[in-house]
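Beneath this line is the structure, given in structure tokens, with notes to follow.
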Amino acid sequence: MEINIDQLFTDEVLTEGVRKFGVSEIQKVGDFENYVYAGTRSGQQVFLRFTHSSHREHEEIASELDWLMFLSRKGAPVCPVLPAVSGRMIESVAVKDSTFYVTLFEKAKGEPVKIKKQLEDSRLVTAWGRATAQMHVLTRQYKPPSHIRKRADLVESFETQFAPYLPHEDKQIVWQIRRTIDSLKQIPKTRDRYQLIHTDLHSGNFYYDGNAIQIFDFDDAAYHFLTADIAIPLYYSMLHIKDETIRAEKARRFLGRFMKGYTEYASMPPQLFKDLPSMLQFRDCELYAVVHKKWDMQNLTEKQQTFVDGIRSRLESGRPIVSIQL
């Protein structure tokens, strides 16, 4: 989390949010884009989330929750939204001239996934693909109510959400990023290719019970290409593998297992293998902006520097993290 937001998130803010949702036994589990706490309410395990107004407006969160509640009602493998003590789905805690928006969700069933150790678990990867397809199919029935703001188009929102944090003095990198964005804008937004999706379906955003996964963190939900929800699992699952030959082989195996589950519920997105490299490159573009926003680029740890160097190298060469050869 950015230092200025961290300074605003006081114990008083936390206590007030906890009170408004009647949660106890809290423990922090995340603080990258939102502050997230595991806790209990009336014996039920829950996730309590605090979102600063500089990250999301109230209307954006309402839009996220509306889609999530729709998916939950339809039986999708997602964590349901829970109301506050007041009955509202979103509570506010004012601090200085800003606001923290507080929301509550059922805690996912199962356990966190350690992808480095579980990459070759075919049952897990197939369940991952199956759950992704379930959400894609059900969302075709979703139409935001007139009072709900439509979620943004992810590519179009790059200019406001990511571009301001790019190192604009680095003209080569910025040019490569613009080139990727322009290529994405050329892809037709047909009904069988483009809709509201999660956009961040890596292994840190679901739990697995040995049979099925349950998905959470819909904060980044946006209108984007279906292929992106396949690219993101692939991207993050390959990120820790340094040897390119091994990475390519594991990527082929991963994608085969993922699509086995996906095609149990949905047809393969049109032009999947043609569009996949652009989706992988787009995640590098997003992350390069995010790290410049979140990290002190003059004082990176060795691990952070390696991560940034990897992204930069791929952006400079115009190649994705992995190429799938059919």
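Every number in this text was worked out from the coordinates using simple rules, so none of it is lab data. Note that the coordinates shown come from a computational prediction; the quantities given were computed from them, not determined experimentally. Virtual Cβ from ideal backbone geometry, glycine too; neighbours counted across all protein chains shown.
Here are some notes:
- Full extension of the segment from GLN172 to ASP97, taken as 0.36 nm per residue of separation minus the current Cα-Cα distance, would add 23.2 nm.
- Correct choice for Rg and Dmax of the Cα atoms in Å that was computed from the model, options [x] 22.5, 72; [y] 27.5, 88; [z] 19.6, 56: [z]
- Rounded to the nearest 20 debye, the dipole size of the chain about its Cα centre is 1240 debye, using +1 on the Cβ of Lys and Arg and -1 on the Cβ of Asp and Glu.
- Full-extension gain in nm, ILE246 to ARG319, via 0.36 nm per residue minus C-alpha separation: 24.6 nm
- Backbone N under 13 Å from the TYR265 label point (7 Å along Cα→Cβ), restricted to the stretch 42-76: 71-76
- In this rough spin-label picture, where each label sits 7 Å from Cα along the Cβ direction, the VAL137-ARG191 distance is 1.7 nm.
- Given their separation in residues at 0.36 nm each and the Cα-Cα distance between them, VAL290 and GLN45 gain 85.1 nm when the chain is fully extended.
- Estimated FRET transfer efficiency when R0 is 41 angstrom, pair GLN27-LYS274 (beta carbons, to 0.05): 0.40
- Highest to lowest packing among 226-237, 271-282, 109-120, scored as the average C-beta count within 10 Å: 226-237, 271-282, 109-120
- Bridge orientation summary for the chain: considering DSSP beta bridges with both residues in this region, about 95 percent are antiparallel.
- Largest GNM mean-square fluctuation across ASP11, ASP121, ASP200, computed for the chain with C-alpha springs under 10 Å, falls on ASP11.
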